[in-house]
Amino acid sequence: MMISEPDKQRIIEAIRVAECNTSGEIFCVVARKTSDYRLIPFALAAGLSLLVPLPLILSSNWPASAIYCAQLAVLILLYAVFTLPAIRFRIVPRQRKHDRAHAEAMSQFFAHGLDKTSQRTGVLIFAAAAERYAEIVADAGINEKVSPQVWDDAVLALTTAIADGRPGDGFIAAIEKCGAVLAQHFPPGALARDELPDKLVEI
């Protein structure tokens, strides 16, 4: 998922417009991937290579050294295949990818200071392309006043547009939904303004 330069500018403008109606803060992060997941391809390749010796022992007269070399060759070949990006992200369990993406979302939330707004009203809109994962992380001040369904609706708007090949539109839709709920609970002028930069970060 690539965000074009025009879409980046549209997203930044959408954040600016949303924050004109609220004293809350919205921040966007998009990740190409949140991990290389190298261990799982190796573990799978190693597990399958363990199946190589038995049929060779039962059906051939190969010496142990030849069987060992065959097993090693299978391990190397399978690992090379399983680490291809098109395959690697398919063999990693979905829950593992989502757990890793969630951990990265939380890391980005704290790394960009969204937990340090004056009334704890920071909102992170996060998407990870390789993991096909999106999440909205809201700080305690706003989360106490908003039902999870609100964030679910914003995530759905984001992921639907991304699936259609319109990531820019997806982020803008999510920003508008988050901005509306922030404006409802934290109108402009009630708190400090522009505590965080209006931007989209790509990692």
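The values are calculated or read from the model by the stated rules, or taken from the named source; none is laboratory data. These figures come from a predicted structure and were not determined experimentally. As a convention, Cβ positions derive from the backbone with ideal geometry for all residues, glycine included, and neighbour counts pool all protein chains shown. In case anyone asks, the SASA skips ligands and DNA or RNA and just uses the protein heavy atoms, side chains included. Shrake-Rupley method; radii C 1.70, N 1.55, O 1.52, S 1.80 Å.
Taking (1) within 19 Å of the chain's Cα centre (by Cα); (2) under 20 Å from residue 104 (Cα atoms); (3) open to solvent by 60 Å² or more (accessible area, probe 1.4 Å) in turn, residue 143 satisfies each apart from (1). Among residues of segment 148-159 that are without any contact (Cβ under 8 Å) to a residue 60 or more places away in the chain, those with a beta-carbon under 8 Å from a residue that is among the aromatic types (Phe, Trp, Tyr) and open to solvent by less than 50 Å² (accessible area, probe 1.4 Å) at least six positions away or on a different chain give the pairs 158/171. Looking only at segment 11-47, residues that are more than 21 Å from residue 117 (Cβ to Cβ) and touching a Leu at 6+ places or on another chain (Cβ under 7 Å) come to 3 in all. Residues in segment 1-25 that are of a type in the set (Ser, Thr, Tyr) and open to solvent by 20 Å² or more (accessible area, probe 1.4 Å): 4 only.
Residues that are touching a residue at least 40 places away in the same chain (Cβ under 8 Å) and outside any helix (DSSP H, G or I) within segment 59-83 comprise just one, 83.
Quick check: is even one residue across segment 148-169 open to solvent by 40 Å² or more (accessible area, probe 1.4 Å), outside any helix (DSSP H, G or I), at pLDDT 90 or above and over 30 Å from residue 84 (Cα atoms)? Looking for residues that are open to solvent by 40 Å² or more (accessible area, probe 1.4 Å), outside any helix (DSSP H, G or I), at pLDDT 90 or above and over 30 Å from residue 84 (Cα atoms), one finds none in segment 148-169, hence no.
Could you grab me the full set of residues in segment 87-136 that are of a type in the set (Val, Ile, Thr) and more than 25 Å from residue 199 (Cβ to Cβ)?
Selection gives 87, 91, 92.
Scanning segment 84-132 for residues that are assigned to a loop (DSSP other than H, G, I, E, B), in contact (Cβ under 8 Å) with a residue 60 or more places away in the chain and under 22 Å from residue 3 (Cα atoms) yields 112, 129, 130, 131. Among residues of segment 116-136 being open to solvent by 10 Å² or more (accessible area, probe 1.4 Å) and in contact with a helix residue (DSSP H, G or I) (Cβ under 7 Å, 6 or more places away or on another chain), the one that is farthest from residue 185 (Cα to Cα) is 130. Residue count for segment 26-58 satisfying the condition of being in a helix (DSSP H, G or I), open to solvent by 40 Å² or more (accessible area, probe 1.4 Å) and within 30 Å of residue 101 (Cβ to Cβ): 5.
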